[in-house]
Amino acid sequence: MRVARSLAPEDQLSFIREACAADQSLYESVTREVGSSSGWADLNAAREASNADIEHRDFIGARFGPYRVTRMLGEGGMGAVFLAERDDGQFQQEVAIKLVRRGLLSRHIQNRLRIERQILATLDHPSIAKLLDGGTTSDGTPYIVMEYIDGEPVDVYCDRHSLTIEERLRIFRDVCSAVHAAHQNLIVHRDLKPSNILVTRNGTPKLLDFGIAKLLDERQLMQTLAVTQADVRLMTPDHASPEQVRGDPITTASDVYVLAILLYELLTGLKPFAKSAHRLADLERAICEQTPTAPSAALVSSACTSELDLEHFARSRGVSLPRLRRQLRGDLDNIVLMGLRKEPERRYASVEQFAADIDRYLQGLPVTARADAWTYRTAKFVRRHFIVVGLAAAFVASLIGFSVTTYVQSIRIEQERDIAAHQRSIAEIQRARAESITSFMIDSFKVSDPSEARGNEIKAREILDRGSERVRTELRDQPELQAALMNTIGTVYLSLGLAAEAESLVVESLQIRRRLFGNHNKAVAESLTRLAEVHRSAGRWPQAQDAAEQALAIFQEVSGDDSLDAALGLQNLGMIYYDRGDYARAERVLQRSLDLYVANLGEEREETTHALDMLGRVAQARGDLTRAEDLLRRALSIEQRTSGPDHPRTIQRLHNLATVMWSKGDLETAERELRKAVAGYERVLGTDHPETAVALGNLGAVLQARGKLNEAKQFFDRSLETNRKAHGPRHFAVAYDLSNLAILELDRKRFGEAEQYAREAIDIYRDTLPPGHPHTASALTTLGRILVERGRPRAAEKPLEEALVIWEKHFGRDGPQYATASSTLAHAWALEGRAHEAEPELKRSYAILRRDLSPTHEATLRIQQWLRQLYQSEGRDKEADAYFASFDTSSRN
């Protein structure tokens, strides 16, 4: 600092820029400190300013118009910002007052503050800090009174709240809207760094500090400060555009560039040129000449950034580091890099177009940004190094001319020989592969030969076990074939309900394929798909979703967004969303999968039936039983024609359609079809298969609804035993059986056993399912009913209120799930003597269940009974009869 002050004013800036290197905070501190002396603040002002008092004046307690200063908020090279409050007794208000430093009272600096005041006066946008007042102190010091923003810098806010990439993009889109509003008023901000964008507690970004903004209106051109060499200090070096660094004319394209820097930081936590610029001169050279690293490619460890730092950046965005790279790769890389192009004309034409591309990305639509073509980059290189390239081209042309004759003659001789050798090599590989597969299959199935079996019954499980051991030991020298067979055997294990046996094979297959092919290969995606199914079967939802998302990304990259592979990837991901209770997202993804299947294959194919079936199950879960029945009938009809009546998929479609008939109150049809499904599963899959257990449980529930309680108990017990054997005691399928048993024991008036089953089910659900899952809400609703029936209505309120929160989040307040829980809570209120609160809720719930289920559904009849009890307790029996009769009258009309 002492050396800088000893230099001539015209030499100070270049010295400080070199000495501070790329340390932005040090650069700002030094320029602010040195700037307090005359000669630095403004080269022309040095000749005009008198020996002004440059010591910092304590303004705490001072008044500016009706405002009294309470404390300093911050200080910069041009002045300070204070917090003040209204002090004239009219009303309470906190404001921010910006005051020029007394050592900078040159004509140019005063004009700059007046221009900022004029700029703010023309801007009216919810994301721009508002100008409230302004004036001049008694000693001639100009000031601005602005809206006080109680917030934090946008990058700090996003990291502290661990905002996802999508949430950060939405905030950035709001910032773009504010900058676009400024551009519409012919104003370029020029300093869009994070500290000038504060985010309030409610998540609204506010754009601050138009102190170095540039007016583009020619009518005010005489007031606009020219961008001269001395004006370079008015930019923030690592948030500056190439034209700012070079001193070229500033346009709105400069703000587009700086916004792209801001987006780069919000997405990655890194600066685009931080790794390559260790001195300020290097940083400016990088800004003007170097193509920035794509955001996804920048997330690698280096001397500046450790792997731990990168993992921290990813966690603050709510994802793992590999997943963050995948999210940024592609569209977001292209959007950011288009904004960071060196030539203003090749960036987005406006901030509005920039924001529109962000909006298209958030909606899943194609974006306009595309990566630079290699031809463009090559042309740029040639223009920079045209002499060297010209000499090299001449040399290469001579060399090619000399070599081409010899090469043509030799290649003709060798061509036929190479083709023949290549064909022999391919034939030999195919022959060896075929022999290996044939030998492997023959030896695997020898176990069923009577001479090997010796009278013992041989099952498919034993053949698979033997095959899995042999594939590990005998095919080590053929890893590609080994991985393929491991994946196939793992798939068969999964179809038999043996997820644990499948997992090790699928994991090994994935490891081998990644080693052979890398991460961007269709075979790798197939193994990831199987791994997602393994995790899903075990109830490991986050791992299942991660594997399915990786598989989908590879399928889309390798085969295309509209391919059958993409349809499969979407289908698997949609199933996981369904299992996690995210029905809205599941429906969107599964509908896209179905559309791709139909577009590529037509509807009359077995591949489409799974998407139809899953969409039907989602519709059922959301209470849209008419749509559910239509989708499931279509799936069953196609499957019967393409696969036959005894195929496991056909039986599954029949089973799922039967559950919809149960939900609609057609218990006779539901029982008949579920008995067919149970018999089919036991015949085709066996009695110990998880799918058989699901059918047993659902048949038990229908039998219970029909009053066949003892038979229902037998089916529930069989389902529980099968699921515990297949999955262990703490699986969500076990909790589902326990919840069914709780409802059964409630109907049998065995309240103690019912409460025990319900609480155990809730405990398992909380351990194995995501918070707020509909299965948990269902068990909580059951527990509430049990407590009400046990004469403990007040104890029932807590689980029922928790269930209502979950039901409302997933289905709103107008669905049968919410109505079932709310009517139970209303009945509890009635038992507590709160009939005036209970009656309207019981009526509302009754109307919903009559409409969405049926007048004869058990849940509808239960509410009808509770309403009659309430009316009878108040001696209003005739009013009850009239109320229920009104529904019959309206239905006839």
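Bear in mind that the values in this text are calculations on the coordinates, not laboratory data. Keep in mind the model is a prediction, meaning the values are calculated, not measured. Every residue, glycine among them, receives a Cβ derived from its backbone with ideal geometry; neighbour counts consider all protein chains shown.
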Descending packing, highest mean Cβ count within 10 Å first, for 796-802, 88-94 is 796-802, 88-94
XL table Lys664/Lys809; Lys749/Lys809; Lys713/Lys749; Lys676/Lys749; Cα-Cα > 20 Å flagged, in table order, is Lys664/Lys809; Lys749/Lys809; Lys676/Lys749
Calc'd 3J(HN,Hα), region 690-704, phi into Karplus 6.51 cos²θ - 1.76 cosθ + 1.60 (θ = phi - 60°), Hz, glycine/Pro = x, comes to x, 5, 5, 4, 4, 5, 4, x, 5, 5, x, 5, 5, 4, 4
Looks like region 710-828, by Cα gyration tensor root eigenvalues a ≥ b ≥ c and the a/c under 1.5 rounded cutoff (else prolate when a/b is bigger than b/c, oblate otherwise), is oblate
Listed by chain and number, the residues whose amide H is under 5 Å from that of Met72, excluding neighbours fewer than 5 places away on the same chain and using placed H, are Leu83
Where a ≥ b ≥ c are root eigenvalues of the Cα gyration tensor, a/c under 1.5 meaning rounded, otherwise prolate if a/b exceeds b/c and oblate otherwise, region 474-539 counts as oblate
For region 525-683, shape from the Cα gyration tensor axes a ≥ b ≥ c, cut at a/c of 1.5 then a/b versus b/c, turns out prolate
Among Lys708/Lys843; Lys98/Lys130; Lys798/Lys843; Lys271/Lys342; Lys843/Lys878; Lys98/Lys271, the pairs whose Cα-Cα distance exceeds 20 Å are Lys708/Lys843; Lys798/Lys843; Lys98/Lys271
By the mean-Cβ-within-10 Å protection proxy, highest first, 809-822, 476-489 rank as 809-822, 476-489
In whole angstrom, the spacing between the Cα centers of region 564-629 and region 162-177 equals 30 Å
Counting only residues 5 or more apart in sequence or on a different chain, those whose built amide H sits under 5 Å from that of Leu132 are Val145, Met146, Glu147
Taking 760-767, 678-685 and ranking on average Cβ neighbours within 10 Å, highest first, one gets 760-767, 678-685
In whole Å, largest first, the alpha carbons of region 752-893 cover along the principal axes 49, 31, 24
Sorted by chain and then number, the residues having a modelled amide H within less than 5 Å of the amide H of Leu207, at least 5 places away or on another chain, are Ile128, Ala129
Going residue by residue through region 598-610, the Karplus relation 6.51 cos²θ - 1.76 cosθ + 1.60 with θ = phi - 60° gives ³J(HN,Hα) values, rounded to whole Hz and with x marking Gly or Pro, of 5, 5, 8, 10, x, 7, 7, 9, 5, 5, 7, 5, 5
Expected vector for region 534-540, Karplus 3J(HN,Hα) from phi with 6.51, -1.76, 1.60 and θ = phi - 60°, integer Hz, x for Gly and Pro, equals 4, 4, 5, 5, 8, x, 8
